[in-house]
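Bear in mind that the values in this text are calculations on the coordinates, not laboratory data. What you see is a predicted model, and the numbers here were worked out from it, not measured in a lab. Here Cβ is always computed from backbone atoms with ideal geometry, including for glycine, and neighbour counts include all displayed protein chains.
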Amino acid sequence: MRFPVAAFAVALLAVTPALAQELKVQTSTGTKAVTAAEIAKLPRLSLAVQWHGQSATYEGPLLSDILNLAGGVPLGEALRGAALANVVIADASDGYRIALALAEVDPAMSTRRVIVADRKDGQPLPAAEAPFRLVVEGDKRPARSARNLISIKVAPAN
Ligand SMILES: Nc1nc2c(c(=O)[nH]1)N[C@H]1C(S)=C(S)[C@@H](COP(=O)(O)O)O[C@H]1N2
Ligand SMILES: [Mo]
């Protein structure tokens, strides 16, 4: 009996990322669980990266489009005055956490493109990076490109 139980546990672990494919997005209007299906419907772009001498291409929607889905995030013309002190905090399943200024992720403000990748090199994200990976264009080191992204929060820096 031991082997079948172990095999079942391994199979369950293997499918868990697929089941958990949603992103918690917390904004001034509340918390929304954005599903992988909603994310798949957004316009997509590809970012080619050269990290530690390795090339890869990540694909997914702009983080700003996901923030617009969640609502309550001042972007575009609304991103002015006190709103410019908002930060985006991204949390990963291993406890890793990074921050960006909201202005950095607004395509109306910044040339830096920030995507929530769900594919890499034409394949679903590998388990080591799933369910989503933040890909922050323009950083010299990929330290803010958080793997295993599970939650995003937009709030005033304070
Ligand atoms: N969740 C998570 N994401 C992370 C990290 C981490 O420790 N945990 N390390 C960061 C750092 S410091 C780097 S250099 C890159 C390394 O990315 P790679 O493992 O795909 O080469 O991941 C970034 N994203
Ligand atoms: Mo790093």
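Below, the figures for the structure above:
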{"read-out": "Solvent-free Debye scattering, log10 I(q)/I(0), computed from the Cα coordinates of the chain at q = 0.16 Å⁻¹", "value": "-0.87"}
{"read-out": "Label point distance in nm, S28-D139, each placed 7 Å from Cα along Cα→Cβ", "value": "2.6 nm"}
{"read-out": "Acute angle (nearest 10 degrees) that the helix 2-19 long axis makes with the longest principal axis of the chain, alpha-carbon atoms", "value": "20 degrees"}
{"read-out": "Among P142, P61, P43, residue whose mean-square fluctuation peaks in a GNM of the chain (springs only between Cα atoms under 10 Å)", "value": "P43"}
{"read-out": "J(HN,Hα) series, region 68-82, from Karplus relation 6.51 cos²θ - 1.76 cosθ + 1.60, nearest Hz, glycine and proline x", "value": "5, 4, 5, x, x, 10, x, 10, x, 4, 6, 8, 8, x, 4"}
{"read-out": "Expected-Rg normalisation [2.2 N^0.38 Å, Cα atoms] applied to region 33-118", "value": "1.15"}
{"read-out": "Dipole in debye (nearest 20) - region 90-147, about Cα centre, beta carbon charges: Lys, Arg +1; Asp, Glu -1", "value": "160 debye"}
{"read-out": "Computed [θ] at 222 nm, deg cm²/dmol, the chain (DSSP H ≥ 4; -39,500 (n - 2.57); rounded to nearest 500)", "value": "-6000 deg cm²/dmol"}
